[in-house]
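Everything on this sheet refers to the single structure shown next.
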Amino acid sequence: MAEKLIILGSGPSGLTAAIYAARADLNPLVLEGINPGGQLMGTTEVDNFPGFPDGIMGPELIQNMKKQAERFGAKFETKNVDSVDFSNPKNLKLVVSEKTYETESLIIATGATARWLNLGKDEERFWGKGYTACATCDGFFFRDKIVGVVGGGDSACEEADFLTKFATKVYLIHRRDELRASKPMQKRVFDNPKIEILWDKNVTDLHGENLLESVELTDSKTDKKNSLKLDGLFVSIGHTPATKFLGESLEKLPNGYLKVENHTKTKIPSVFVAGDVCDHQYRQAITAAGMGCMAALDAERYLTGGISQTY
């Protein structure tokens, strides 16, 4: 028997959608993925989510959201979707291994993952312990510290500039001899006395005991190596949205993120999108949660005939 609503993903957007959908008696099934919780599961203290004046650990926040959704009747299965069939918008099909799920409506909240530097086990060991991918989330913890930002695009330059509010020194580490960022963003970096650009450098190793203490830099032209003392390293070389399983069933932006109209809607009237899988600008837990709320409300209106199926 087909489900009324299936939600893909169990980060802040998917879980918020599950809370709202369950409260609306839609009995949502959440396919939370084989690594549930999204990026917050690799985050230590979250200080910028409203309602927690003393902060909260990322995994604890996720668990609280899941319990809240379960309290209202949301069901959870730890599975990834392999492929989809949206040929019939009123009977969407999701293939998981050899099983096919059918649903009247769908919310895609599968998120995006930060691109790492491919440094092996040390990268996992220091994740959340000085090594991170979100200056907005974690910059506050590096007040009066020395940090580095890896990248050369607008996001990397923006994060480097933002971090100067807290850090005493920010190194912008770039593998080339010129930035890819827009000219106004480059000017902001060049004019900031706290930022020093390290040209033609790749981060090739991470060092420290319990926390990150230094990084190994390798010159991209000479292969010469040297060590740089850092209290924190922010990787800003892009994110990869989790959309591969969708194939060409939905429209995507040139950067691979899902295209939405009117906040959460897609070209298929029964399919809605929320969170980092479509948001390449903000990428915050609170904005993802807000989109999850909107997607659930839109799905509810669709299922109850409150949304026109003509776009």
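The values are calculated or read from the model by the stated rules, or taken from the named source; none is laboratory data. Only a predicted model underlies this, so the values are computations on that prediction, with no experimental measurement involved. Ideal geometry is used to build each Cβ from the backbone, glycine not excepted, and the neighbour counts take in all protein chains shown.
Applying the condition of being among the small types (Gly, Ala, Ser) and crowded, with 24+ Cβ neighbours inside 10 Å to the range 258-282 and asking which residue is farthest from the chain's Cα centre (by Cα) yields Ala274.
For the range 4-45, how many residues meet the condition of being touching a Phe, Trp or Tyr at 6+ places or on another chain (Cβ under 7 Å) and among the basic types (Lys, Arg)? Total satisfying the criteria: 1. Number of residues in the range 14-28 that are touching a strand residue (DSSP E or B) at 6+ places or on another chain (Cβ under 9 Å) and under 10 Å from Ala289 (Cα atoms): the value is 3. Filtered by the rule that a residue be of a type in the set (Val, Ile, Thr) and not in a helix (DSSP H, G or I), the range 5-20 gives Ile6, Ile7. Taken as a whole, the structure places Ala112 among residues that are at pLDDT below 95, crowded, with 18+ Cβ neighbours inside 10 Å and in contact with a Ser or Thr (Cβ under 7 Å, 6 or more places away or on another chain). Restricting attention to the range 267-286, the residues being over 20 Å from Asn80 (Cβ atoms) and either among the β-branched types (Val, Ile, Thr) or modelled with pLDDT under 95 (or both) number 9. Checking the condition touching a Gly at 6+ places or on another chain (Cβ under 9 Å) and not assigned by TED's automatic domain parsing to the domain that holds Gly58, which residue from Ala160, Ala135 passes? Within the list Ala160, Ala135, the selection yields Ala160. The requirement of being in contact with a Gly (Cβ under 8 Å, 6 or more places away or on another chain) and not assigned by TED's automatic domain parsing to the domain that holds Asn35 is not satisfied by Val149. Any residue at all in the range 200-208 that's outside the structural domain of Leu163 (by TED's automatic domain parsing) and among the aliphatic types (A, V, I, L, M)? Checking the range 200-208: not a single residue is outside the structural domain of Leu163 (by TED's automatic domain parsing) and among the aliphatic types (A, V, I, L, M). Inside the range 24-38, residues that are assigned to a loop (DSSP other than H, G, I, E, B), among the hydrophobic types (A, V, I, L, M, F, W, C) and buried (at least 21 other Cβ atoms within 10 Å of the Cβ) make up a count of 1. Taking each residue of the range 140-166 that is over 16 Å from Glu196 (Cβ atoms) and looking for partners that are surrounded by 20 or more Cβ atoms within 10 Å (Cβ to Cβ) and hydroxyl-bearing (Ser, Thr, Tyr) with beta-carbon atoms closer than 7 Å, six or more apart or interchain, yields Ser155/Ser236.
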